[in-house]
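For reference, the structure is listed below as structure tokens.
Values quoted throughout were computed directly from the atomic coordinates according to the rules given, and no laboratory measurement underlies them. Because the structure is a prediction, the values reported are computed rather than measured. No Cβ is skipped: glycine too gets one built from the backbone with ideal geometry, and neighbour counts run over all protein chains shown.
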Amino acid sequence: MNKSWGGKRERIQEMGIVLVSLVLIGIALPVIFKAAGVFYWEFWRYKYLGMDLFWEFVYPLIWSGILFVVSLMLLYYLDWYKSLYVMGYLWRMIIILLFFPFYESTYFEAFDAFVFYSEGVWRFRPFLALGNATQSMYTVVSWIHGILGPSYRLVIVIFGTLSWWASIVFDRVLLKEVKEGLRKSFLEVLLFFEPMFLLWSSHYGKDPLIYVFSIITSLLLYRFSREPSVKNAVWILLSLVPFMYFRFWYVAIYGAVLYVLWVVYARGRKRVVGAVLGGVVALGGMWGVLSLFGISSLDGLLLFVVKWSQAWAHGGAAQTASITSWGDLVRWYPWMWFTALFRPLLWDAHNMFAAYAALVNTGLLAYFLFSLGRLKRMTKEERRLFFLALVVITIWGGAYAIVSYQNLGTAVRFRSPIWHWMLIFFTIVGVGTDKEEKEREPECT
């Protein structure tokens, strides 16, 4: 472990570049906010008190510099330092401090962030609320505002830094298994520099927290796939507890992933017992959810699904699906699943943001399809990662198909907590290794 700076001029220079850039961002912020629209600034100043120049411009920039320096020292201590991480942090700050105001000024009416801020900045809430994501967000932001002050954009900087660290951990632990350098670099660039993901994994909302929790659970799932045991399964279940406060359905999603991995990787009596026990738990959980929402018949369940789905059909990216029967749902469902995972595509673009998201999605999907012939050239660990990604996004897509189809903009945001698995699914197939490169560790069976 390298614990001294050792006269690394390049690293000092990179740190200086980032700090100077943050100062320049501070100078540019008032101009950017002015360009974003007078109404946007008036909206902030009059509706939410305490939003002056210091708290909105200077204070979050100071903290972004502090968090960067502390993170850099920790990276060097852990011997995890990479120039890609440093530039990734700078690019993330540029996205959330310079570009995000334009997005906010356009879609501010649909932003939960404004409600979270207004509720969290004036009242300190000591406890999270089990099963109530909104109240739990009020609590989290009240902690930050209560300790660090009433700065809206500081919360974005903190959430962005947490997501940046989560991406680093994912890169250090899982992406090291991708052996081919060019494809690994491509994957890392998308993880640390893709603007739409950086925006949604940093904004003032639940998605950054869900992304951090998802990374933790993902690492544990990978460990379980290598060493299937009751102990590792328990650790996965414990990692699902935070989801119960913010998006409780992720407990079911990742619980289903664990169930599949148990059936695939466990052996002997443990496989049978786990499969039966998991099935009983799933049925019990399903019965509990139906009882909670007062659903006592198939028609009631269909009505609930349609009502929940249509709740997201608003805004410029809204879609409509005429579902009046179970037959309609069966016919529409494959396309809804595809939409949740892969759209918008080029023909869905209707504005600048949708056009960019469509370009990224279309490019990744095309890359995946053209690379399918290389499946057999992956190493064992790469195949393991691909299988994990396939299981996660299949189950996640099945759960989110109902809501993501109705609004393509929301679909992009909802995918941010599993962006790391999406990238592995899209890109790892393209990894071509030499025939003589074989995995030294035995494949888990």
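When you count, for each residue, the other Cβ atoms within 10 Å and take the mean per peptide, how do 224-233, 411-420, 60-69 rank with the highest first?
On the way: 224-233: 15.8, 411-420: 23.6, 60-69: 19.1.
Sorting 224-233, 411-420, 60-69 by mean packing, highest first, produces 411-420, 60-69, 224-233.
Evaluate E = 1/(1 + (r/R0)^6) for ARG383 and LEU238, where r is the Cβ-Cβ distance and R0 equals 30 Å; express this FRET efficiency to the nearest 0.05. Mind dumping the intermediate values first?
Details: r = 28 Å, r/R0 = 0.93.
With a Förster radius of 30 Å, E is 0.60.
Treat each spin label as a single point 7 Å out from the Cα along the C-beta direction, and report the ILE147 to MET87 distance in nm.
Each label point lies 7 Å from its Cα, and together they span 3.3 nm.
Once fully extended, how much extra length lies between ARG271 and SER325, figured as 0.36 nm per residue of separation less the alpha-carbon to alpha-carbon distance? Present the calculation step by step, with values, prior to reporting the outcome.
Details: separation 54, 0.36 × 54 = 19.44 nm, distance 3.73 nm.
Contour length minus Cα-Cα distance gives 15.7 nm.
Relative to a virtual label point 7 Å from the Cα of LEU298 in the Cα→beta-carbon direction, which members of segment 327-344 show backbone nitrogen distances below 20 Å?
Backbone N within reach: 327-334.
Counting only residues 5 or more places away or on other chains, whose amide H sits under 5 Å from the amide H of ASN407 once H atoms are built in the peptide plane?
GLN319
What is the calculated FRET efficiency for ILE66 to PHE127, with r their C-beta to C-beta distance and R₀ = 35 Å, to the nearest 0.05? Show your work: numbers first, answer last.
Working: r = 28 Å, r/R0 = 0.81.
My answer for the efficiency is 0.80.
Output ³J(HN,Hα) for segment 206-221: one whole-Hz value per residue in order, computed from phi by the Karplus curve 6.51 cos²θ - 1.76 cosθ + 1.60 with θ = phi - 60°, and x for Gly and Pro.
Per residue, the Karplus-derived 3J(HN,Hα) values read 7, 4, x, 5, 4, 5, 4, 4, 5, 4, 4, 4, 4, 5, 5, 5 Hz.
Normalised by the number of residues in segment 154-227, what is the relative contact order in percent for Cα pairs under 8 Å and 6+ residues apart? Intermediate results must be reported in sequence, preceding the final value.
Numbers: 47 pairs, mean separation 36.2, N = 74.
Taking the mean separation of contacting Cα pairs over the length of segment 154-227, I get 49 percent.
Would you work out if segment 86-166 is rounded, prolate or oblate? Take a ≥ b ≥ c from the square roots of the eigenvalues of the alpha-carbon gyration tensor; rounded if a/c is under 1.5, else prolate when a/b is larger than b/c, oblate otherwise.
Numbers: a/c = 1.95, a/b = 1.44, b/c = 1.35.
Prolate shape, in that a/c is at least 1.5 and a/b is the bigger ratio.
Using packing as a proxy for protection, rank 263-272, 141-150, 362-371 so that the peptide with the highest average count of other Cβ atoms within 10 Å comes first. Spell out each step's value before the answer.
On the way: 263-272: 12.8, 141-150: 16.8, 362-371: 14.6.
Packing proxy ranking, top to bottom: 141-150, 362-371, 263-272.
Between ASN351 and LEU19, take the C-beta separation as r, use R0 = 22 Å, and let me know the FRET efficiency to the nearest 0.05. Walk me through the numbers before you get to the answer.
On the way: r = 35 Å, r/R0 = 1.59.
Efficiency, from the Cβ-Cβ distance: 0.05.
Order 345-354, 253-262, 201-210, 187-196 from most to least packed using the mean count of other Cβ atoms within 10 Å.
My ranking of the peptides, most packed first, is 201-210, 253-262, 187-196, 345-354.
How many nm is it between the label spots at PHE193 and LYS176, if each spot is 7 Å from the Cα in line with the beta carbon?
Taking the simple label geometry, PHE193 and LYS176 are separated by 2.4 nm.
Please compute the modelled spin-label separation between SER118 and PHE368, points set 7 Å along Cα→Cβ, answer in nm with one decimal.
3.9 nm
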